[in-house]
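Heads up, the thing below is written out as structure tokens.
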Amino acid sequence: MDAAVTSHLLREPFGTMPDGTPVERFRLRGTDGFEAAVITLGATLQALHVPDRHGAPADIVVGHDTLGPYLDHRRFFGVSVGRYANRIAGGRFALDGVTHTVPANDGPNALHGGPDGFDRRLWTVEAVSDGPAPFVTLGLTSPDGDQGFPGELRARVTYRVSGSELAITFEATTTRPTVVNLTNHAYFNLAGVETGGEVLDHLLRLHAEAYLPVDAGAIPLAGPAPVAGTPFDFRAPKPIGCDIRVAHEQIRLGRGYDHNYCLPGGRTEAPRLTAHVKHPASGRVMELLTDQPGLQFYSGNFLDGTAQGKFGRLHRQSDAFCLEPQTWPDTPNRPDFPSSRLDPGGSYRHVSLYRFSTV
């Protein structure tokens, strides 16, 4: 057995960057075959093995077997997104009377931190630990003016496995007033990405009374709208595909679901239950708890069969879904939305827990 292998942690190479810098993978092992794999490029959740009701583990997140596709195509599979997740209208925002410009990379808007966001960066290993709750902490320093954002931002993300729970914790500090919105962008299919097809049969429950309608560029309109009486009502469990073809203007604009849900209580001191997903055939259940004020639900609308993932699979529309805990989109331009401001001396912190079980 390799010397790097311990009872709960495996550290191994995962290719090299074009300049020869090595990329590493960390496999964090829980109980009964539960295992999360994280690579240093993009601080990415590369794999997540979860057992079904019979105890058979399967990888439930979309990604790649090798480094090359992560470098060649920006698809956000499992990555850490920043400096600002989701969209900033027009790629512009004002802070203390100064206008800052982020290069547009989604039509006229800036998406997920601009064209060279945190998902494109090689993060450094700051800490690792074996034991019953193994973890890896990765760090990244974003210089003042990076992608147009003010302040030098020092970001960290910790992936920790405990039993059948994955905890992801983001932290950041800045040297100048800035805006920060970090999240993980995993694409899930609880059937397993090797054999699973569409996720439209997954039963989803979202603990939210309101969502943000958007325009054709996915920028929020006037503000929160009630989910009651719309296809966006997941307050009681229903299949993701139940209303995805209903003739509703917001479904048409997003080609499905790609909307922020406004979580009750806003930003909270501790993570609270936000989403519950069940795959009836395998019995896998995922519960998401977060301390963030918003949750972006995306039904994989733009997967078009051009992305070859693990196991040689070509991922098509609705083959996976995303649940991205975060601040609301375009918050830097919306003083009526929860603030994403971070000042020197303060600290940004985001904790999300992914708990798995079976029925």
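The values are calculated or read from the model by the stated rules, or taken from the named source; none is laboratory data. Since we're looking at a predicted model, the values are computed, not measured. Cβ sites come from the backbone with ideal geometry, for glycine too, and all protein chains shown count toward neighbours.
Side notes on the structure shown:
- Of the residues making up segment 131-142, not a single one is under 19 Å from the mean Cα position of the chain (by Cα), under 24 Å from Phe34 (Cα atoms) and among the small types (Gly, Ala, Ser).
- Qualifying strands (runs of 3 or more DSSP E) (wholly inside segment 77-177; at least 1 residues being farther than 30 Å from Asp52 by Cα and aromatic (Phe, Trp, Tyr)): 92-95
- Residue within segment 44-52 that is under 22 Å from Leu166 (Cα atoms), surrounded by fewer than 24 Cβ atoms within 10 Å (Cβ to Cβ), more than 20 Å from the chain's Cα centre (by Cα) and not β-branched (Val, Ile, Thr) present: yes
- Taking segment 70-85 as the range and being basic (Lys, Arg), more than 14 Å from Gln326 (Cα to Cα) and in contact with a Phe, Trp or Tyr (Cβ under 7 Å, 6 or more places away or on another chain) as the test, no residue passes.
- Within segment 256-265, being closer than 12 Å to Val214 by Cβ and part of a loop (DSSP other than H, G, I, E, B) holds for one residue alone: Tyr257.
- The single condition among (1) closer than 21 Å to Thr44 by Cβ; (2) touching an Asp or Glu at 6+ places or on another chain (Cβ under 8 Å) that Asp144 does not satisfy is (1).
- Residue in segment 273-288 that is more than 23 Å from Thr358 (Cβ to Cβ) and either in contact with a strand residue (DSSP E or B) (Cβ under 8 Å, 6 or more places away or on another chain) or hydrophobic (A, V, I, L, M, F, W, C) (or both) present: no
- Selection of strands (runs of 3 or more DSSP E) fully inside segment 283-353 by the criterion of at least 1 residues being touching a helix residue (DSSP H, G or I) at 6+ places or on another chain (Cβ under 9 Å) returns 294-298, 304-308.
- Filter result (crowded, with 18+ Cβ neighbours inside 10 Å and either more than 17 Å from Ser347 (Cβ to Cβ) or in contact with a Lys or Arg (Cβ under 9 Å, 6 or more places away or on another chain) (or both)) within segment 140-158: Leu140, Ser142, Asp146, Gln147, Gly148, Phe149, Pro150, Gly151, Leu153, Ala155
- Segment 183-211, subset among the small types (Gly, Ala, Ser) and under 18 Å from His49 (Cα atoms), residue modelled with the lowest pLDDT: Gly196
- Qualifying position, being free of Cβ contacts under 8 Å to residues at least 60 places away in the same chain, out of contact with any Lys or Arg (no Cβ under 6 Å at 6 or more places or on another chain) and surrounded by fewer than 16 Cβ atoms within 10 Å (Cβ to Cβ), among Gly107, Gly91, Gly97: Gly97
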